[in-house]
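Data block below; observations after.
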Amino acid sequence: MNYLTKEKAQDLNLIKEIISKAGYKGEVSAMVGGSKSFAFAVGDEVVRFPKAEIVWQTMQRENQILSEIWPLISDKFKSKIHPINLVEGEYPFSVVRRFVGKICDNRDDEVNAVKIQNLPKDKQENLAQTLAEFFAMMHKIDYTKLHIPPINETIDNWDVSKQADFDYAKAREALKKVSSFDLADYQCNHKNETFSLCHNDLSGSNMVINPKKEDILVGIIDFANAVVQPKYLDFFPLYKINRKLAIEVIKRYNELVDEKIDVKQTDFVMLSYIAYNLAKSDNPPSYFMKLLRLFD
């Protein structure tokens, strides 16, 4: 197998030839891609070419996970989660039905993204409710009866407070230097350590929303990082969109499940993550200060 280079990905004639040989027809146009794949719209479908072998293996892992959980997904979410097809060949690629909408993150790109703070209040509430229902559904799946494939890439450990090199005192001091937050105020006495099958990466770039729809969340993508872990970690990526959204989702989630999540627990995870990275350097990347602003 070969993997597309940037130069070959710019050759639409080559892309059309590869796709048509596999039986996929339609107009081909380049899409905004991530760091791991080149994406193209082909009619009502999205084709992604992995940039390396490890990415192809990740696509295979996602395909297996979706195959395992598909019979357990409720009808509501079967319209929001699309199985993927994998096409092997000289240039392997994945195919998935395209969602009509925009990603929901904080980038200044009105063509491809929408900021949650720009949505009407009722749409924000609808999004929070649907996300809560999704997490509740995922966490109720009996993962012991599934064959979740082993992780083939390093998956982010969101709870850095459990890492061997986490220094609470240094992290606390680093956070206090740049903000009014004190990690000591977010110590949780009612931690929920229940293990569940988690999406593990439901940030804004992995949810597709359509503000014109009454049910605003039209798509949930990228199950490649799904893993069995303490379920409170599943809410961490929401903080990268907006803390208010994370809190609202957890509040609604707690109305649907027996084993509830204390917001202090997830707050502590996010602030520890920021503080840990601030403490590692005198000039930490601006990304972590941006996360801190999103938290406030």
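The values are calculated or read from the model by the stated rules, or taken from the named source; none is laboratory data. Note that the coordinates shown come from a computational prediction; the quantities given were computed from them, not determined experimentally. Cβ: placed from backbone, ideal geometry, glycine included. Neighbour counts: every protein chain shown.
May I ask you to say which residue of 225, 206 is out of contact with any strand residue (DSSP E or B) (no Cβ under 8 Å at 6 or more places or on another chain) and modelled with pLDDT under 95? Spell out how you get there, then give the answer.
Working: 206 fails: out of contact with any strand residue (DSSP E or B) (no Cβ under 8 Å at 6 or more places or on another chain).
225 is the lone residue from the list that is out of contact with any strand residue (DSSP E or B) (no Cβ under 8 Å at 6 or more places or on another chain) and modelled with pLDDT under 95.
Select from the stretch 18-60 the residues that are more than 28 Å from the chain's Cα centre (by Cα) and exposed (fewer than 13 other Cβ atoms within 10 Å of the Cβ) and write down the one among them that is farthest from residue 113 (Cα to Cα). Even if it seems obvious, please write down each step before you answer.
Quick first cut of the stretch 18-60, residues more than 28 Å from the chain's Cα centre (by Cα) only: 18, 20-23, 25-27.
Now restrict to residues that are exposed (fewer than 13 other Cβ atoms within 10 Å of the Cβ): 21, 23, 25, 27.
On the way: 21: 32, 23: 31, 25: 27, 27: 23 Å.
Among those residues, the one meeting the criterion is 21.
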**OP:** Kindly check whether there is at least one residue in the stretch 111-124 that is charged (D, E, K, R) and farther than 22 Å from residue 100 by Cα.
**Re:** no
Subject >> Residue identified as surrounded by fewer than 17 Cβ atoms within 10 Å (Cβ to Cβ), of a type in the set (Gly, Ala, Ser) and modelled with pLDDT of 95 or more among 246, 184 >> reply: 184
Original post:
Does residue 147 count as touching a Cys at 6+ places or on another chain (Cβ under 8 Å) and not aliphatic (A, V, I, L, M)?
Top reply: no
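Report, by residue number, each residue of the stretch 164-174 that is surrounded by fewer than 11 Cβ atoms within 10 Å (Cβ to Cβ) and either under 30 Å from residue 68 (Cβ atoms) or in contact (Cβ under 8 Å) with a residue 12 or more places away in the chain (or both).
In the first step, residues of the stretch 164-174 are kept if they are surrounded by fewer than 11 Cβ atoms within 10 Å (Cβ to Cβ); the result is 164-165, 169.
Hits for the stretch 164-174: nothing passes.
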